[in-house]
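Working notes for the structure below.
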There are 2 protein chains.
Amino acid sequence: MTLTATQLKEFDELGYLVLPDCFAEEEIAILRSQAEGIYDSEREEVWREKSGAPRTAFAAHTYNKAFGILGRHPRLIEPLEQFFGEPVYMHQFKINAKAAFDGEVWQWHQDYGTWKRDDGMPQARAMNIAVFLDEVMPINGPLMFIPKSHQHGTLEAGHDKATTSYPLWTLDKTMVTKLVGEGGIVAPTGKPGTVLMFHGNLVHASPPNITPYPRKIVYLTLCAVSNHITKFNRPEFIAHRDFTPIEACEDDALLQFARKYRQAAE
Amino acid sequence: MTLTATQLKEFDELGYLVLPDCFAEEEIAILRSQAEGIYDSEREEVWREKSGAPRTAFAAHTYNKAFGILGRHPRLIEPLEQFFGEPVYMHQFKINAKAAFDGEVWQWHQDYGTWKRDDGMPQARAMNIAVFLDEVMPINGPLMFIPKSHQHGTLEAGHDKATTSYPLWTLDKTMVTKLVGEGGIVAPTGKPGTVLMFHGNLVHASPPNITPYPRKIVYLTLCAVSNHITKFNRPEFIAHRDFTPIEACEDDALLQFARKYRQAAE
C-alpha cells in the first residue's frame, strides 16, 4: 500500500491520516477473537484497569500467530517505510481494549515524549499505525487528536503515575487548551478494519468508555531502523530491543490464515 | 410554546425530544456568566468533583435573578404543563458543570428511580427539561440516552455512593447492555440554547469530559403538582418542598433582564 502525494501533504499538515476499509471483516474477525483470548489469559504482557478489566496487551505479535502476521502486514509496514524512506522495526505492539463500561482514560500526551524520555529514541522517526478491531464511535472512547499539534515538536510533560494503571508523560491543561485553540479536536471514527496513522508528536488522548460497546484498537509502533532506541529502562515486551528490519509478508497472508483457522475449527 | 402531535408521538416512542434554538445567544450569555459566578462562590448548594472543580449547583432559581426567570420560563413550563395536563412545581433545579478536563461521569440511571426511592414521589409524572448553556459536542461529555428504555418502567437499581461525589441509584451492566441492545444509544448535541426534555424513566448517563470545552447544562425537574413528593430525606435545596404551581413569566422576560443587566454594567 502506497500513500499518495495528497495523503502525504495532508499528513504533513494535520499530523494524522484516516484510511478506511484497509482490512476486510474476515481478517478482522480472527484478530478480534484472538484478542479476547489474550485478554482472558494471565500473562505479564496483559495490563489491567483498576477494575480488573483488560487495558492493554503488549507484544502479541511475539506469541500469537494472527497478530504475528499483522505485525508484518504490508498494508501497515509499507506506508511507514515509504514515509521514513528506510526499513522499520517494531518498537512496541499493543492491543488496547477500552473495555465496555470499564475502559479508562488515556490522558493528553505525545507518544514520542515517552519514547524519547523513557527509551532514548533519538528522533521522532517512529509512529503508531493503528487498526480498529471494533467499530469506533463517538460514544465508546474514540481517540481524540489535536490536529497540527505535531508541528510544535516535543512539548514539556509531567510523568503521571497515578491517574491510571499505565504511567504516561502527560501535558498540562494550559498547554492542551492552547493547542486546541489552534487546531481544535477531531475524534476519527470508523468501522472495524479502518487504519489510522499519526505522527509521534501529535497530541492525543482518549476518554473512558461507559457504553456496552467494546473498542479494541491494535497499535503497531514502527520505528525507522536507524533511529532505534538507546536506553533499556522498560521491560522488553514494552520497548523492544530487536532492531531487525521487518520484512513484510504477502498481502493475503492474514486472510489465508483466517480461512485455515476457520476450516480447522469446523 | 406548545408541542405538536408529531412531537408528542416521538416523545412517547423514544422517551425524549430535542428542541433546537429555543433560547437566543443573548439570553444564554447572561445565564452562562451567572453560572460561572455561582460556581466560584462557596455555598452548600455547589457540589464539587473530587478534584475540586464544580459538579453541580442546586436551586440557583432561589438565589439568582437570571435563573429565577429561567425557572418560570414559558418555553420550559408550558410544554410540561401540556404534557402532564395540569400545573407543575419545581422539584429540583440544577446547573451541571461537566467542567473542562475535570467533569466526571454520571453513571447509567433513571431520574425517577431516585425521586421515587429517596423522595417518595408517587408516579413518574415529573421530568427533566434541560437547557444547554455551552455547545454540547460528541467529545465534551454529552448526555447519552437509551431510546425507548422509559417503556420498561422503574428498573432495579443499586445505590452508588462511591463512584463520584453525588450518590445515585444506578443500573447494572447486564441491564444496560440489554436495553442498549433494544434501543441503541443516542447522544444529542447542539448549540447553546438547545432544549432537551426526557422522560423520568429514560435511562441515561454522561461520560467524563477530558477536553478544554466546558459543557454546562441547566436541568429543571418539573413535577405535576398532584404528584408531589411525600418523603423529605434529602436537603430542601435538592428536593424542594414548596409545591406551589409555577406561574410562567412573559416570554421576553429573560431577554429584557439580560439587556438591563448589560446596560447597568456598561
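On the basis of being within 16 Å of the chain's Cα centre (by Cα), within 26 Å of A:Ala239 (Cα to Cα) and not aromatic (Phe, Trp, Tyr), does A:Ala53 make the cut?
Considered against the rule, which asks whether it is within 16 Å of the chain's Cα centre (by Cα), within 26 Å of A:Ala239 (Cα to Cα) and not aromatic (Phe, Trp, Tyr), A:Ala53 comes out as no.
Would you tally the residues in the stretch A:124-157 being away from chain B (no Cβ under 14 Å), assigned to a loop (DSSP other than H, G, I, E, B) and crowded, with 24+ Cβ neighbours inside 10 Å?
Here is the first cut: in the stretch A:124-157, the ones away from chain B (no Cβ under 14 Å) are A:124-134, A:148, A:150-157.
Right, trim to assigned to a loop (DSSP other than H, G, I, E, B) and you get A:124-125, A:133-134, A:148, A:153-157.
Next, from what is left, pick out any that are crowded, with 24+ Cβ neighbours inside 10 Å: A:133.
Residues meeting the conditions: 1.
Under 9 Å between Cβ atoms, which residue pairs at least 6 apart in sequence (or on different chains) link something in the stretch B:143-155 that is over 10 Å from B:His204 (Cβ atoms) and free of Cβ contacts under 8 Å to residues at least 60 places away in the same chain with a partner that is polar (S, T, N, Q) and assigned to a helix (DSSP H, G or I)?
Pairs that qualify, where the first residue is over 10 Å from B:His204 (Cβ atoms) and free of Cβ contacts under 8 Å to residues at least 60 places away in the same chain and the partner is polar (S, T, N, Q) and assigned to a helix (DSSP H, G or I), are B:Leu155/B:Ser149.
Residue by residue, here is whether (1) surrounded by fewer than 18 Cβ atoms within 10 Å (Cβ to Cβ); (2) of a type in the set (Val, Ile, Thr); (3) assigned to a strand (DSSP E or B) holds:
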residue	(1), (2), (3)
B:Pro192	no, no, no
B:Asn201	no, no, no
B:Thr211	no, yes, no
B:Leu222	no, no, yes
B:Ala239	no, no, no
B:Ala258	no, no, no
B:Ala264	yes, no, no
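Taking only the stretch A:1-42 into account, find how many residues are farther than 23 Å from A:Gly183 by Cβ and charged (D, E, K, R).
Final tally of qualifying residues: 8.
Suppose we filter A:Pro235, A:Pro245 for residues that are farther than 24 Å from A:Glu81 by Cα and of a type outside the set (A, V, I, L, M); which single one remains?
The unique qualifying residue is A:Pro235.
Which of the numbered conditions does B:Met121 fail, given that it passes all the others? Conditions: (1) within 13 Å of another protein chain (Cβ to nearest Cβ); (2) surrounded by 21 or more Cβ atoms within 10 Å (Cβ to Cβ); (3) assigned to a loop (DSSP other than H, G, I, E, B).
(1)
Select from the stretch A:158-174 the residues that are buried (at least 17 other Cβ atoms within 10 Å of the Cβ) and among the aliphatic types (A, V, I, L, M) and list them in ascending order.
Within the stretch A:158-174, A:Leu168, A:Leu171 meet the criteria.
Taking A:Arg72, is it in contact (Cβ under 8 Å) with a residue 40 or more places away in the chain, of a type in the set (Lys, Arg), in a loop (DSSP other than H, G, I, E, B) and surrounded by 14 or more Cβ atoms within 10 Å (Cβ to Cβ)?
Yes.
Please go through the stretch A:200-258 and give me each residue that is within 14 Å of chain B (Cβ to nearest Cβ), out of contact with any Ser or Thr (no Cβ under 7 Å at 6 or more places or on another chain) and not small (Gly, Ala, Ser), ordered by number.
Here is the first cut: in the stretch A:200-258, the ones within 14 Å of chain B (Cβ to nearest Cβ) are A:203-215.
Now restrict to residues that are out of contact with any Ser or Thr (no Cβ under 7 Å at 6 or more places or on another chain): A:204-211, A:213-215.
A:His204, A:Pro207, A:Pro208, A:Asn209, A:Ile210, A:Thr211, A:Tyr213, A:Pro214, A:Arg215 - these are the residues of the stretch A:200-258 that are within 14 Å of chain B (Cβ to nearest Cβ), out of contact with any Ser or Thr (no Cβ under 7 Å at 6 or more places or on another chain) and not small (Gly, Ala, Ser).
Restricting attention to the stretch B:95-118, which residues are in a strand (DSSP E or B) and buried (at least 24 other Cβ atoms within 10 Å of the Cβ)?
The answer is B:Ile95, B:Asn96, B:Gly103, B:Trp106, B:Trp108.
Provide a single number: the residues in the stretch A:158-185 that are assigned to a strand (DSSP E or B) and facing another protein chain (nearest Cβ under 9 Å).
0
Report every pair of residues separated by at least 6 positions or lying on different chains whose Cβ atoms are under 7 Å apart, first residue within the stretch B:228-251 and touching a residue at least 60 places away in the same chain (Cβ under 8 Å) and of a type in the set (Phe, Trp, Tyr), second surrounded by 16 or more Cβ atoms within 10 Å (Cβ to Cβ) and assigned to a loop (DSSP other than H, G, I, E, B).
Short answer, once both residue conditions are applied: B:Phe237/B:Glu45; B:Phe237/B:Ala59; B:Phe243/B:His228.
Readers should treat all values here as calculations from the given coordinates under stated rules, not as data from a laboratory. In this text, all values refer to a predicted model and were calculated from it rather than measured experimentally. Backbone-built Cβ (ideal geometry, glycine too); neighbour counts: all protein chains shown.
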